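Q: My structure is below; once you've seen it, I'll send some questions.
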Amino acid sequence: DTAVSQTPKYLVTQMGNDKSIKCEQNLGHDTMYWYKQDSKKFLKIMFSYNNKELIINETVPNRFSPKSPDKAHLNLHINSLELGDSAVYFCASSQQGAGELFFGEGSRLTVL
Amino acid sequence: GQSLEQPSEVTAVEGAIVQINCTYQTSGFYGLSWYQQHDGGAPTFLSYNALDGLEETGRFSSFLSRSDSYGYLLLQELQMKDSASYFCAVMGNTGFQKLVFGTGTRLLVSP
């Protein structure tokens, strides 16, 4: 039973398209995140939600719009995709104040 | 802001001991975490230090010195499966949880 699951695992799309990635956690955590890992393996936080409320937005272009319908789900919608958006996007969750994040398996986005 | 520095690559042989260092700069500090990531996989949690000193978990130990803004991950009895990237990550005192990752250290274990 996967703790943090995200779909799809792979997306290949053309520049200018819109795509979404979904994330669900069954750990009962109240905080969820989106991280972007680029080709140099640098992991950069994008968004953090606590109990469905946005608490961190790390100067991400507004083409990226996260949505948290409930505290177990955090989705990421990306409009007008650009070549530089190609990366692996990781969803993660944690209990607030804990130093341990649980990551999903990642969604590899390739923009052509 | 927050920034972390760690070596880009470390090599070692099976059975050896290796230490991966991490220095950080942060405007506030809650703790330092370590994560392991195999190629194509997800980062997985290894350890968390909020206080100075050494935390031991099996073959892996992590050390923190808050006064020096420094920590390290110590891996003992290296195995081939330990070949992976290792990230330190700092949680700053921003009033809510935000984990900022270092650039990662690639560990190559050879026979």
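Q: Give A:Lys22/B:Lys81; A:Lys19/A:Lys40; A:Lys40/A:Lys71; A:Lys9/A:Lys67; A:Lys67/B:Lys98; A:Lys52/B:Lys81 a once-over and call out the pairs whose C-alpha atoms are over 26 Å from each other.
A: Working: A:Lys22/B:Lys81 31 Å; A:Lys19/A:Lys40 23 Å; A:Lys40/A:Lys71 31 Å; A:Lys9/A:Lys67 19 Å; A:Lys67/B:Lys98 18 Å; A:Lys52/B:Lys81 38 Å.
Over 26 Å apart, Cα to Cα: A:Lys22/B:Lys81; A:Lys40/A:Lys71; A:Lys52/B:Lys81.
Q: Would you mind getting the Kirkwood hydrodynamic radius of chain B from its Cα pairs, rounded to one decimal in Å? Can you show the working numbers first?
A: Numbers: mean 1/r = 0.0715 Å⁻¹.
The Cα-based Kirkwood calculation yields 14.0 Å.
Q: Would you mind calculating the relative contact order of chain B from Cα pairs under 8 angstrom and at least 6 residues apart, reporting the percent as a whole number?
A: Numbers: 289 pairs, mean separation 41.1, N = 111.
So the answer I get is 37 percent.
Q: While we're here: Kindly identify the stretch B:32-94 as rounded, prolate or oblate by the Cα gyration tensor criterion: order the square roots of the eigenvalues as a ≥ b ≥ c, call it rounded if a/c is under 1.5, otherwise compare a/b with b/c, prolate if a/b is larger, else oblate. All intermediate terms of the calculation are to be shown ahead of the outcome.
A: Values: a/c = 2.59, a/b = 1.45, b/c = 1.79.
In terms of gyration-tensor shape, oblate.
Q: Still on this model: Just the C-alpha atoms of the protein assembly as shown: what Rg/Rh do they give, with Rh taken as the Kirkwood radius?
A: Details: Rg = 17.5 Å, Rh = 18.0 Å.
Result: Rg/Rh = 0.97.
Q: Note down the accessible area of B:Lys81, probe 1.4 Å, to the nearest 10 Å².
A: Probe radius 1.4 Å; accessible area of B:Lys81 about 130 Å².
Q: Restricting attention to the stretch A:20-71, which GluC sites (Glu not before Pro) occupy a DSSP loop and are surrounded by at most 16 other Cβ atoms within 10 Å?
A: Working: sites: A:Glu24, A:Glu53, A:Glu58; in loops: A:Glu58.
Sparse-neighbourhood loop GluC sites (Glu not before Pro): A:Glu58.
Q: Let me make sure I get this right: for chain A, a, b and c are the square roots of the gyration tensor eigenvalues over alpha carbons, sorted descending. Under 1.5 in a/c it's rounded, otherwise prolate if a/b > b/c, else oblate. Which is it? Working shown, then result.
A: Details: a/c = 1.74, a/b = 1.61, b/c = 1.08.
Prolate, because a/c is 1.5 or more and a/b exceeds b/c.
Q: Please give the solvent-accessible surface of B:Arg59 in Å², to the nearest 10, using a probe radius of 1.4 Å with every protein chain present.
A: 50
Q: Suppose accessible area is computed on protein heavy atoms with a 1.4 Å probe; arrange A:His73, B:His38, A:His29 from highest to lowest.
A: Numbers: A:His73 55, B:His38 75, A:His29 20 Å².
The ranking, largest first, comes out as B:His38, A:His73, A:His29.
Q: Let me ask you something else. So what's the gap between the Cα centers of the stretch B:1-77 and the stretch A:26-72, to the nearest angstrom?
A: The stretch B:1-77 and the stretch A:26-72 have Cα centres separated by 23 Å.
Q: Shifting gears a bit: For chain A, with every protein chain kept in place, what is the accessible area per residue (1.4 Å probe, Å²)? Can you show the working numbers first?
A: Working: 5510 Å² over 112 residues.
Heavy-atom accessible area per residue stands at 49 Å².
Q: Summed for both chains, how many Å² of accessible area, to the nearest 100, are buried between A and B with a 1.4 Å probe?
A: Working: alone 6370 and 5920 Å², together 10550 Å².
For A against B, buried area totals roughly 1700 Å².
Q: Of the accessible area of chain A, with the probe set at 1.4 angstrom, what percent is carbon plus sulfur?
A: Answer for chain A is 49 percent, counting heavy atoms of protein chains only.
The values are calculated or read from the model by the stated rules, or taken from the named source; none is laboratory data. For clarity, every value in this text was computed on a predicted model and none was experimentally measured. Here Cβ is always computed from backbone atoms with ideal geometry, including for glycine, and neighbour counts include all displayed protein chains. The area values use the complete protein model at the heavy-atom level, side chains included, leaving out ligands, DNA and RNA. Shrake-Rupley method; radii C 1.70, N 1.55, O 1.52, S 1.80 Å.
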